[in-house]
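Visitor: Sharing a structure below in structure tokens format, with a few things to ask.
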Amino acid sequence: MRDPRASIPAVDSLIGSEAFEDLLCQYPRPRVVETTRKVVDDLRARLQRGDELGDVSEPFMYATIVELTLSSAEVPSLRRVLNATGVVLHTNLGRAPLASCAQQAMATAASEYSNLEYDLGEGVRGSRYAHCVSLLTELTGAESALVVNNAAGGLVLAMNTLARGSGVAVSRGELVEIGGGFRIPEIIERSSAKLYEVGSTNRTRSEDYAEVLETGDVGTLLKVHRSNFRISGFTEEATLPELVEIAVKRKAFVVHDLGSGLMIPAEQVGLPAEPRPHDSVEAGCDLVVFSGDKLLGGPQAGIVLGRKDLITKLRANPLCRALRLDKVTLAGLEATLRLYRDPDRALRDIPTLRMLSSDFEELGDRAQGLADQLTALEVDCEVVEVGGSVGGGTYPGVSLRSWALELTASSVADLGVSLRNGDPPVIARVMDNRLILDVRTVLPGQEKDLIDKVSEALVSLVEP
Ligand SMILES: *Cc1c(COP(=O)(O)O)cnc(C)c1O
């Protein structure tokens, strides 16, 4: 019998064939040639292994495979997705979606020149670190502020600047891991400071800090907000004012790693009390560190508030340059912060706050509306009450009462895969073998996409 490999056309003749005409109009010739060569090599290898591939002489078959390969390579790696998990600050899904004024400010900063490091008054070089300072000090009462790439970076910078070569005291109940392998003890070590553990896991008193300060080896007291877990029962911790009081006597610094940057009273968002940046400033902390993209609802950033002399030192640290924020983010952060001058507007315009404070009845109406549309498309679904979460390592154990669509499928896992394969992908939640789409985190304007993708996913399950 004739070797089937002999019927594979030569790459040159494929490229020159009529089947490849359209492809060559769409893609650069070298990419088409290279991809075709790979397809041909792959086919030859399969035939050599003995795979039955039928007729391999037809150029149109090659054109189809090449087209598919090239077009799938065009799908971006970072894509928009629909978040139907009910987790508002989903770290894996990019945390906070931004307010429209922040989006606009970012688009302008991205597309035009700006006074990023230019002093318009004097016509000389300025500082990128000057931009959000007055807004931050106005909103929080801090003396000064510095914005860097993220809160983890802000904490490293603060520790490296204040505590390099000296001791940092942290409660044993606060030696936490924040996520992504960011552990407080290691951060202190990497900042060239020495960790002094004080108190116990469940109870740390202000005397414990006072005692370690007596040794003379400790120059900084670091308090870490337990944002992503809770301890309860027989517990005790020193308050910030207590720490400040004992630190002042010993000329030590108090740094608060606050994590989330909730700027308005928690009850306005319908959440339990959570310490806010300006509470830490008011308590007398020397530096306060928090995130731009958690409860603040802005872009990824790390905000450090505090004493003017210390912020100046932080800026002068060479590490600051390595942690600097880019102009697009800076523009988005400034626009987001400006919204907080009018807290009602912040609640309305900042998607994170709006989703957190969504009215339970309204969520029910939205879920019902979506269910009606799906039913009209003959999709089986039910409106169910669920509990979502805040996410982003904040508010552990707090459940956000919400409404969701529960979809019916013979395999919940397969349906999940099918939804993720959509364009845009839909990320659902699987709970006790049920597939749940929580409407809280589906953004306004995404309803039609959600309906389309759900019905497409169910169809593709039936006829893959
Ligand atoms: C989330 C968090 C951080 C890290 O913030 P990023 O902006 O994600 O780097 C640091 N400390 C605490 C207490 C946190 O909750």
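Visitor: Give me the residue from segment 172-211 that is hydrophobic (A, V, I, L, M, F, W, C), buried (at least 18 other Cβ atoms within 10 Å of the Cβ) and not in a helix (DSSP H, G or I) and, out of that set, farthest from the chain's Cα centre (by Cα).
Guide: V198
Visitor: Answer yes if at least one residue in segment 439-454 is among the charged types (D, E, K, R), modelled with pLDDT under 95 and outside any loop (DSSP other than H, G, I, E, B), and no otherwise.
Guide: The answer is no, given that none of the residues of segment 439-454 is among the charged types (D, E, K, R), modelled with pLDDT under 95 and outside any loop (DSSP other than H, G, I, E, B).
Visitor: Which residue, of E267, E245, is assigned by TED's automatic domain parsing to the domain that holds V156, at pLDDT below 95 and assigned to a helix (DSSP H, G or I)?
Guide: Checking each option against the conditions leaves just E267.
Visitor: Still on this model: Filter segment 65-94 for residues that are within 16 Å of the ligand (Cβ to nearest atom) and not in a loop (DSSP other than H, G, I, E, B); which is surrounded by the most Cβ atoms within 10 Å (Cβ to Cβ)?
Guide: Only one residue tops the list, namely V88.
Visitor: Another question, then. When the residues of segment 298-330 are filtered to those that are closer than 23 Å to M263 by Cα and among the β-branched types (V, I, T), which remaining residue is nearest to the ligand (Cβ to nearest atom)?
Guide: I303
Visitor: Right, something else. Could you list all residues from segment 216-238 that are in contact (Cβ under 8 Å) with a residue 40 or more places away in the chain, away from the ligand (no atom under 16 Å from the Cβ) and out of contact with any helix residue (DSSP H, G or I) (no Cβ under 9 Å at 6 or more places or on another chain)?
Guide: If the condition is that a residue be in contact (Cβ under 8 Å) with a residue 40 or more places away in the chain, away from the ligand (no atom under 16 Å from the Cβ) and out of contact with any helix residue (DSSP H, G or I) (no Cβ under 9 Å at 6 or more places or on another chain), then D217 is the only one that fits.
Visitor: Given E378, E385, E456, which one is touching a Lys or Arg at 6+ places or on another chain (Cβ under 8 Å) and either without any contact (Cβ under 8 Å) to a residue 60 or more places away in the chain or within 12 Å of V87 (Cα to Cα) (or both)?
Guide: Result: E385 is the single residue among E378, E385, E456 that is touching a Lys or Arg at 6+ places or on another chain (Cβ under 8 Å) and either without any contact (Cβ under 8 Å) to a residue 60 or more places away in the chain or within 12 Å of V87 (Cα to Cα) (or both).
Visitor: For segment 239-297, name all the residues that are farther than 19 Å from K308 by Cβ, away from the ligand (no atom under 16 Å from the Cβ) and basic (K, R).
Guide: Within segment 239-297, K249, R250 qualify.
The values are calculated or read from the model by the stated rules, or taken from the named source; none is laboratory data. All values reported here derive from a predicted model rather than from experimental measurement. Counting neighbours? That spans all protein chains shown, and the Cβs are built from the backbone with ideal geometry, glycine included.
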